[in-house]
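Let me begin by presenting the structure, written as structure tokens, before commenting on it.
The values are calculated or read from the model by the stated rules, or taken from the named source; none is laboratory data. Just so it is clear, the structure is predicted and the values come from calculations on it, not from any experiment. FYI the Cβ positions are ideal-geometry reconstructions off the backbone, even for glycines, and counts take in every protein chain you see. SASA here: full protein model, heavy atoms, side chains in, ligands and nucleic acids out. Shrake-Rupley method; radii C 1.70, N 1.55, O 1.52, S 1.80 Å.
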Amino acid sequence: MSSGTSKIVESIMSEAQEKADVIIQDANTEVSAIQAKAEKTAELEKTKILENGKKQSDMRYQQIISEAKMNARRAELGAKEEVIEAAFNQAIGELKVKASSGDDEYEDSLGKMIKEAADEIGSDDLILQLNEADTKKFKDDLSSQGSDSFEIDGIKFTLGEPIETIGGAVLKTTNGDIEVNNTIEARLERYKSILRSEVAEILFK
């Protein structure tokens, strides 16, 4: 190979080497940039995953706390309800004893319950139903008068068949169209919501 040809080849090789070096350098720069971007993206993704995990963890924690509070509230309400029901049952038991004793206080209350029911119906001829013990007392009183009925304030009351009740009375018109249940149980049921609030206030204030 002549010296001129050698110089041309050397020049071409040198130029190619320079271009190769530039290409390699550019490639390395691009690789570094891609790698840096990838590392940044990975770090952001990692932070995002950790943040999402923490959010989910916090949400689950709050959910568990909320459920625990709700269950505790239910348990508290359930316990209070049991106490209130026990108070009502005790009151019913005491009323039963009171009614069966036939003392003056009960007799007075019974008279008021009969009058109250009669006023509500607004008829002057009514059938009166009482529990077995009260029915017997009335029958004993009426038998001495030779009658099965009596009159109070212009209203005629005819004694009907005994009913199952602690005390109080059921009154109805002779044709049975209108009936008022003014027994102790019925009165308790009617006023239970009001009484429940008052009992709760007394027990849990």
> How large is the accessible surface per residue of segment 36-137, computed with a 1.4 Å probe and reported in Å² as a whole number?
Replying inline: 72 Å²
>> Give me the one-decimal nm value for the distance between modelled label points at GLU164 and ASP119, 7 Å along each residue's Cα-to-Cβ direction.
In response: 3.2 nm
>> Taking every alpha carbon pair in segment 131-174, what does the distance histogram look like in 5 angstrom bins from 0, in percent?
In response: 5, 21, 29, 28, 15, 2
> When only the heavy atoms of the protein chains count and the probe is 1.4 Å, how do ARG74, ARG190 rank by accessible area, highest first?
Replying inline: ARG74, ARG190
> Which loop-located GluC sites (Glu not before Pro) does segment 86-172 contain, where loop means any DSSP state but H, G, I, E or B and the Cβ has at most 16 other Cβ atoms within 10 Å?
Replying inline: GLU164
>> Just the number: Rg to Rh for segment 149-205, Cα atoms, Kirkwood Rh, two decimals.
In response: 1.17
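Need one number: the % of Cα-Cα pairs in segment 85-189 sitting beyond the 22 Å mark.
Values: 1543 of 5460 pairs.
When all Cα pairs of segment 85-189 are counted, 28 percent exceed 22 Å.
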> When the dipole is taken about the Cα centre of segment 27-70, and only Lys, Arg (+1) and Asp, Glu (-1) are charged at their Cβ, what size is it in debye, to the nearest 20?
Replying inline: 200 debye
>> As a test question: what accessible area, to the nearest 10 Å², does PHE138 have when a 1.4 Å probe is rolled over all protein chains in place?
In response: 50 Å²
> Sorted by accessible area with a 1.4 angstrom probe, largest first, how do TYR106, TYR191, TYR61 fall?
Replying inline: TYR61, TYR191, TYR106
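Going from most exposed to least, what order do LEU171, LEU77, LEU44 have by accessible area with a 1.4 Å probe?
LEU44, LEU77, LEU171
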> What are the residues whose amide H is under 5 Å from the amide H of ILE163, where those residues sit 5 or more places off or on another chain and H is modelled from the backbone?
Replying inline: LEU130, ASN131, GLU132
> Cross-link list LYS80/LYS115; LYS156/LYS192; LYS80/LYS192; LYS55/LYS80; LYS98/LYS136; LYS112/LYS172: which exceed 26 angstrom alpha carbon to alpha carbon?
Replying inline: LYS80/LYS115; LYS156/LYS192; LYS55/LYS80
> Given H placed 1.01 Å from N in the peptide plane, which residues other than close sequence neighbours of THR183 have an amide H under 5 Å from its amide H?
Replying inline: ALA169
> Can you list the HN-Hα couplings for segment 89-105, worked out from phi with the Karplus curve (6.51, -1.76, 1.60; θ = phi - 60°), rounded to whole Hz and with x for Gly and Pro?
Replying inline: 4, 5, 4, 4, x, 5, 5, 5, 5, 4, 5, 6, 6, x, 6, 4, 5
> Length gain on complete extension for the stretch ALA68 to GLU107, per 0.36 nm per residue less the alpha carbon to alpha carbon distance?
Replying inline: 8.9 nm
